[in-house]
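Structure first, then comments.
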Amino acid sequence: MRRTATFLLAMAASMSGIVHAAPPMQTVPSVDLKRYAGMWYEIANFPMFFQRDCVGDTTAEYTAHADGTVGVNNRCRTKDGTIDSASGTATVVEGSNNAKLEVSFAKPFKGDYWVIGLDPEYRWSVVGTPDRKYLWILSRSPQLPKEELDRALAAATAQGYQLDELRYTPQK
């Protein structure tokens, strides 16, 4: 019994150095929604339930509306070659300078959409959720040059993302 207790204490002590809470996620200081609007190609993501049938050619098109909301149209190619799409609306979280949005594809359900990395020229974007369960690397072009991809990945890592689960999206 004493040996078991000693073993468990030693195991707990060794694991305490491994497990640490990541600091709260930070967004970029601000996002210009007019510049952010348009077509984005998914370069990589963390696998998620809603994209389970997507095998490539995944895009997101954003449309800035006069009322401050953003139209969202996501598309992807499925295994059988058909195009799957979903349309929704994003609403800016007050006080976030447009860097935090709540996206809804089916009311009343909303999901977080936080811009945590953004190229100054809006060539790429890193989007995540505050719980770090979801991550998307987006680009204005179907391929992202290695130097730019490295910057996007560094932005995700700086926000506490472990990139082991990152899956790259084939684009034509």
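The values are calculated or read from the model by the stated rules, or taken from the named source; none is laboratory data. Computed from a predicted structure; not experimentally measured. Here Cβ is always computed from backbone atoms with ideal geometry, including for glycine, and neighbour counts include all displayed protein chains.
Residues in the stretch 18-62 that are within 25 Å of residue 162 (Cβ to Cβ) and assigned to a helix (DSSP H, G or I): 3 in all.
What do you reckon, is residue 63 touching a Cys at 6+ places or on another chain (Cβ under 7 Å), β-branched (Val, Ile, Thr), over 19 Å from residue 155 (Cβ atoms) and at pLDDT 95 or above? When the stated conditions are applied, residue 63 does not pass them.
Just one residue in the set 124, 114 is farther than 21 Å from residue 171 by Cβ and among the aromatic types (Phe, Trp, Tyr); that residue is 114.
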